[in-house]
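Before any comments, here is the structure.
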Ligand SMILES: Cc1cc2nc3c(=O)[nH]c(=O)nc-3n(C[C@H](O)[C@H](O)[C@H](O)COP(=O)(O)OP(=O)(O)OC[C@H]3O[C@@H](n4cnc5c(N)ncnc54)[C@H](O)[C@@H]3O)c2cc1C
């Protein structure tokens, strides 16, 4: 281990928390300053679009209680000078560091100029406000974007008995993540569960003076709405790093060991790095397990230094429930030039699909087939040929 006396961690959520815990567990005895824009202990975001909307407030992130007092809550870093190893905070404080962990995550893309009643979902405040709206008995809920968050909110709102219309720009929601066959199944699954799906259509604006009354669509029509949830993707929180000398391109660009510059590492939703399993393709992953594991490895690599640093090459994986179906992905199916159904049938609501590029597995999708997902995930991590599994 090399000698670092002070480490600053910017971003007090999952990746930042795991970084702090790792520093302490590895015996780092110097000062750690954790800087977090939110005013809460780090909490778990996945329940925000699921159980929390149904009334369950449990969002504890184990380990958050271990954080010591060197924690600046409700404070943002606004500038980084890597040559001087100095951070500037939003109250004007300057903070020197020997090592820096960047874990500032991402924020929802905002739709411009919208009236009240158009919401996004990222924080506990967003979830509580959305829950209150869902409980207020709005009759016409429109969800924009059929990705994981849009799909989960649509599913939760249906479970609460609300009328839900889901507008998605692609012919089938999540085609880029699940591939065509599973995306076709998902479209049908939404419809079978009472969601009105408007595909291949963009939102062009909103109606309503003060409160939203409608959503204008690219096909010229207007959907009546009294509550709108926009799940149209996220933007990595890198604005504060402009001019820092770091490479910023859809995130903080790092090497395979998560170093973005000398003594600076990045982790979680904000980090983009060359993934060893996928030919060094630059990837940014917005999944819980990625933030959890990268936060720990980035901190460890910072401590050991670049010579002994380990590459981060874990396989991305994600699980969600929509209308009672368990949907899991592993690897990066969107890189594939071929897909094969290996188990079950979409019509039976139970199946698994393997994805390959040049005959080598790059990912898998499973619906209500967790054992198949485990098998395909292992085979993908081992870079097996698709012929070996299907
Ligand atoms: C509603 C919802 C549901 C989800 N469901 C799932 C799921 O089912 N499965 C799954 O795998 N993943 C899910 N995710 C994704 C998962 O929660 C994220 O991948 C994870 O939270 C990323 O952690 P992070 O620490 O990298 O970033 P974040 O959790 O985004 O945290 C970044 C923190 O940094 C703070 N920050 C930003 N800029 C600054 C600054 N300049 N100075 C100081 N602090 C700053 C932010 O306020 C925030 O607290 C979900 C996410 C959401 C929002």
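Read-outs: derived from the displayed coordinates by stated rules, not from any lab. Because the structure is predicted, anything quoted here is derived from the model rather than measured. Quick reminder, even Gly has a Cβ in these numbers, built from the backbone with ideal geometry, and neighbours come from all protein chains shown.
Just a few scattered comments:
- By the count of other C-beta atoms within 10 Å, a proxy for reagent exposure, 322, 52 are ordered fewest to most as 52, 322.
- For the chain, calculated [θ]222 nm from helices alone, where every DSSP H run of n ≥ 4 adds -39500 (n - 2.57): -7000 deg cm²/dmol
- The distance linking region 18-90 with region 198-226 is 37 Å (Cα centroid to Cα centroid, whole angstrom).
- Here the Kirkwood formula puts the hydrodynamic radius of region 183-239 at 13.5 Å, using every distinct Cα pair.
- Helix axis angle, 370-381 relative to the chain longest principal axis, alpha carbon, degrees: 50 degrees
- Distance histogram in 10 Å bins (all Cα pairs of region 288-365, percent per bin): 17, 34, 28, 16, 5, 0
- Convex hull volume per residue for region 1-102, taking Cα atoms only, in Å³: 107 Å³
- Beta bridges per DSSP, both residues in the chain: antiparallel share near 60 percent.
- With Cα atoms, 0 to 90° folded angle of helix 124-135 axis to the chain main axis: 20 degrees
- The share of C-alpha pairs in the chain whose separation exceeds 32 Å stands at 39 percent.
- Alpha-carbon spread of region 120-230, three principal axes, descending order, Å: 40, 31, 24
- Rounded tilt (10° steps) of 175-192 against the dominant C-alpha axis of the chain: 40 degrees
- For region 225-317, diffusion coefficient by Stokes-Einstein and Kirkwood Rh (Cα), 37 °C, 0.692 mPa s, µm²/s: 235 µm²/s
- For the chain: relative contact order, % (alpha-carbon pairs under 8 angstrom, 6 or more apart): 15 percent
- A straight line joining the Cα centroids of region 124-143 and region 347-366 runs 35 Å.
- In Å, descending, principal axis extents of the Cα set of region 92-137: 53, 23, 19
- Equivalent-ellipsoid semi-axes for region 324-388 (Cα gyration tensor, √(5λ), whole Å, largest first): 19, 11, 10.
- Sorted peptide list for 189-202, 354-367, 337-350, criterion being average Cβ within 10 angstrom, highest first: 354-367, 189-202, 337-350
- Normalised radius of gyration (Cα atoms, divided by 2.2 N^0.38 Å) for region 27-184: 1.31.
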